[in-house]
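What follows is a set of notes on a single structure, which appears directly below.
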Amino acid sequence: MKPAQVRMARAALNWSLADLAKAAGVHRNTISNFETEKYAGEPDKLTAIRAALESAGVIFVEENGDGPGVRLKKAKPAISDEAAVPEMPEGVAKDYDGSAM
């Protein structure tokens, strides 16, 4: 996990330093100093930071030639699409959202 990835992850989640510190159980200065590369980070603290971000839905993308990054997991729908929009009988015109017109 790179410092830039932590910054990107916080931005993706719209989390402040204080939000991540609370979620990870570490001091906000630990995160700030890691993000600004003033501090390499203790392994247990970095593990806690990564775990907090991953549990919030962050996926860490390793170096692949274009640089490391992050992305968010897809949100799982509360109900399936099939259950959300009932099927209309054959020959009934449908609006753009699938409902009968």
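For the residue pairs K38/K73; K2/K38; K38/K74, the C-alpha atoms sit more than 23 angstrom apart in K38/K73; K38/K74. Extending 7 Å from the Cα toward the beta-carbon at both K74 and D19 defines two label points whose distance is 2.4 nm.
Quick note on segment 3-72: its Rg to Rh ratio, both from C-alpha atoms and Rh being the Kirkwood radius, is 0.94. Placing +1 on the Cβ of every Lys and Arg and -1 on the Cβ of every Asp and Glu, with nothing else charged, gives segment 3-72 a dipole about its Cα centre of roughly 300 debye. Close amide H contacts of I59 (hydrogens built in the peptide plane, cut-off under 5 Å, sequence separation of 5 or more or a different chain): R71, L72, K73.
The mean sequence distance of close C-alpha pairs (under 8 Å, at least 6 residues apart), as a share of the length of segment 36-75, puts its relative contact order at 26 percent. Ranking V61, L72, A18 by how far each Cα lies toward the positive end of the dipole of segment 3-72 (charges on Cβ) leaves A18 at the top. If R0 is 41 Å, what FRET efficiency do you get for N64 and N33 from their C-beta distance, rounded to 0.05? Approximately 0.90, to the nearest 0.05.
Where a number appears in this text, it was derived from the coordinates with a stated rule and is not lab data. Bear in mind the structure is a predicted one, so any value in this text is a computation, not a measurement. Cβ sites come from the backbone with ideal geometry, for glycine too, and all protein chains shown count toward neighbours.
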